Amino acid sequence: ILPFILFRCSSPCRISIENKKRQPNGDESNAASLPKQPSKRAWMENFEALRQYKEEHGDTRVPSQYEKDTALASWVQNVKRRGKGALTKERLSLLEEIGFNQESEKEILLEQAWEGKYERLKAFKQEHGHYRVPRASERQLAN
């Protein structure tokens with residue numbers, strides 16, 4: 001099938017197929033696996049928008065559906081999704097300076113829920129002297 005496709009495709013199609021078949025060597029293999037870094041100017045513009053958001057709202061938790069600045073919301077979600085490993089030391093330092101939290105809202109909520117249950121379990125132990133929580137009385141805590 002492939003020779004037929006090469007014969008029937010236009011020149012740009014054939015080039016793209018040939019490029020996919022080409023084996024990367026040396027630095028190319030590492031570069032292909034690394035996420036693309038946005039330009040310094042674009043990244044700094046988004047960072048400044050985040051800094052302004054913090055000044056207005058008191059935190060850097062930009063909602064994923066932030067209608068006032070959808071580009072900022074998208075950029076923040078992208079930074080969180082890619083993780084700290086995708087950031088240069090300079091960019092990570094700038095984000096840490098303004099208190100940016102890499103965790104997603106879901107991760108933060110799950111951690112808060114876990115902490116709350118942990119505190120309830122400690123209180124149960126304090127009151128009853130053990131951790132054997134009966135399922136009937138404390139269903140969420142017993143699980």
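So the values come out like this:
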read-out: Thr88 farther than 30 Å from Val133 by Cβ, among the hydroxyl-bearing types (Ser, Thr, Tyr) and open to solvent by 40 Å² or more (accessible area, probe 1.4 Å); value: yes
read-out: Options Arg120, Arg51: the member that is out of contact with any strand residue (DSSP E or B) (no Cβ under 8 Å at 6 or more places or on another chain) and at pLDDT 95 or above; value: Arg51
read-out: Residue in region 13-31 that is on the phi > 0 side of the Ramachandran plot and at pLDDT 90 or above present; value: no
read-out: Members of region 93-134 that are in a loop (DSSP other than H, G, I, E, B) and either in contact (Cβ under 8 Å) with a residue 24 or more places away in the chain or of a type in the set (Ser, Thr, Tyr) (or both); value: Ile98, Gly99, Phe100, Asn101, Ser104, Tyr131
read-out: Output for region 70-85, where each listed residue is free of Cβ contacts under 8 Å to residues at least 24 places away in the same chain and loosely packed, with under 13 Cβ neighbours inside 10 Å; value: Thr70, Arg81, Gly83, Lys84, Gly85
read-out: Number of positions in region 122-136 that are among the aliphatic types (A, V, I, L, M) and surrounded by fewer than 10 Cβ atoms within 10 Å (Cβ to Cβ); value: 1
read-out: Count of residues meeting criterion [surrounded by 11 or more Cβ atoms within 10 Å (Cβ to Cβ) and at pLDDT below 80] in region 91-117; value: 8
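The values are calculated or read from the model by the stated rules, or taken from the named source; none is laboratory data. Just so you know, these numbers come straight off a predicted model, no measurement behind them. A quick note on method: Cβ atoms are made from the backbone with ideal geometry, for glycine too, and the neighbour counts reach across all protein chains shown. Note: areas computed on protein heavy atoms with side chains; ligands, DNA, RNA excluded. Shrake-Rupley method; radii C 1.70, N 1.55, O 1.52, S 1.80 Å.
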